[in-house]
Amino acid sequence: MVHRANPYADIPSLYDMYVQASVPQRPTERSALDVFRNSTNDPQAIPMDLPVGPDYVIGPGDGLEIDLWGGVSQRLFRVVDREGRVSLPEAGPLLVSGRNFGRCTAAVQQVLRTQFRDISADVSVSR
């Protein structure tokens, strides 16, 4: 029996023509992940304490710093709890979650003015 050479050895098979093998690629990464990577591994290298604007929406876990002056001089640090409230002296809890920072500031100032005489208040987001 004589074996002849295959005349179609250099032509791809039908399987090869209809199936494309994927080229090995690097693993996919989340968008903008490289922004949070730094070569120094220093967590202080990325500033996360940026000032917020009046449109920032207050939510649970946000920290508020309330400076009082006038009839009372005091600096209060309050954290918005899971229910979205902050506890104010002499006034009790105030719902601030879901409000923008401008409305939250006005609400805190209004509540504190009803409880203290001749007082001014400044509210800022501490964390």
>> Run the simple label-point estimate for residue 6 and residue 127 please: 7 Å along Cα→C-beta, distance reported in nm.
In response: 6.9
>> Around residue 54, under 12 Å between beta carbons, what's the net of Lys plus Arg minus Asp minus Glu among the other residues?
In response: +1
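Tell me the trypsin sites (Lys or Arg not before Pro) within region 46-112 that lie in a loop according to DSSP and have at most 10 other beta-carbon atoms within 10 Å.
Within region 46-112, the qualifying trypsin sites (Lys or Arg not before Pro) (loop, at most 10 other Cβ atoms within 10 Å) are 82.
Please report the net charge: other residues with Cβ closer than 13 Å to the Cβ of residue 86, K and R +1, D and E -1.
Around residue 86, the charge tally is 0.
A short reminder: the numbers here are calculations on the coordinates, not readings from a lab. Since we're looking at a predicted model, the values are computed, not measured. Don't worry about glycine lacking a Cβ; one is built from the backbone with ideal geometry, like all the others, and counts go over all protein chains shown.
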